[in-house]
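Novice: Mind having a look at this structure? Questions to follow.
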Amino acid sequence: MKFKLIAGAMALVMMSGAAAGSAQAGCVGGAVVGGVAGHLAHHHALAGAAVGCVVGHELALKKKREREERREEKRREWLAAHPGHH
C-alpha cells in the first residue's frame with residue numbers, strides 16, 4: 001500500500017513539474033511529497049503538505065532566478081561578441 005501511495009505521489013510531482021516550471025507547480029509538487037512524507041511519519045499529512053508547499057515554492061523560485069541569470073549572461077556574451085547590435 002505504501003509503495004502505491006509513494007509511486008502515485010511521485011508521478012504527480014513529475015507531471016506537475018513538466019506541466020509548468022512556475023512556483024505554483026513547485027508548491028503542488030512539494031505539497032504532494034510533503035503530504036506523503038507526513039502521512040508516513042505518524043499521520044501528519046497536512047503539516048507535511050504545508051511545509052512541502054513552502055519548500056517547493058522556494059526551490060522553484062530559485063530555479064527560475066538561476067535560469068534568468070543564465071539567459072542574461074548569454075545575452076551579454078552575445079552583445080559583446082557582436083558590437084553594434086542592440
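Novice: Determine, from the Cβ-Cβ distance of R65 and H85 and an R0 of 35 Å, the FRET efficiency 1/(1 + (r/R0)^6), rounded to the nearest 0.05.
Specialist: Using R0 = 35 Å, I get an efficiency of 0.85.
Novice: In addition: Sequence-distant or interchain residues sharing an amide H contact under 5 Å with H44, placed H: which?
Specialist: H39
Novice: Around R70, with a cut-off of 12 angstrom between Cβ atoms, what is the net charge of the other residues, counting Lys and Arg +1 and Asp and Glu -1?
Specialist: Surrounding charge for R70 is +2.
Novice: For the peptides 32-40, 76-84, what is the packing order when you average, over each peptide's residues, the other Cβ atoms within 10 Å and list the highest mean first?
Specialist: Ranking, from highest mean packing down: 32-40, 76-84.
Where a number appears in this text, it was derived from the coordinates with a stated rule and is not lab data. The shown structure was predicted, so the numbers you read here are calculated from the model rather than taken from an experiment. Cβ: placed from backbone, ideal geometry, glycine included. Neighbour counts: every protein chain shown.
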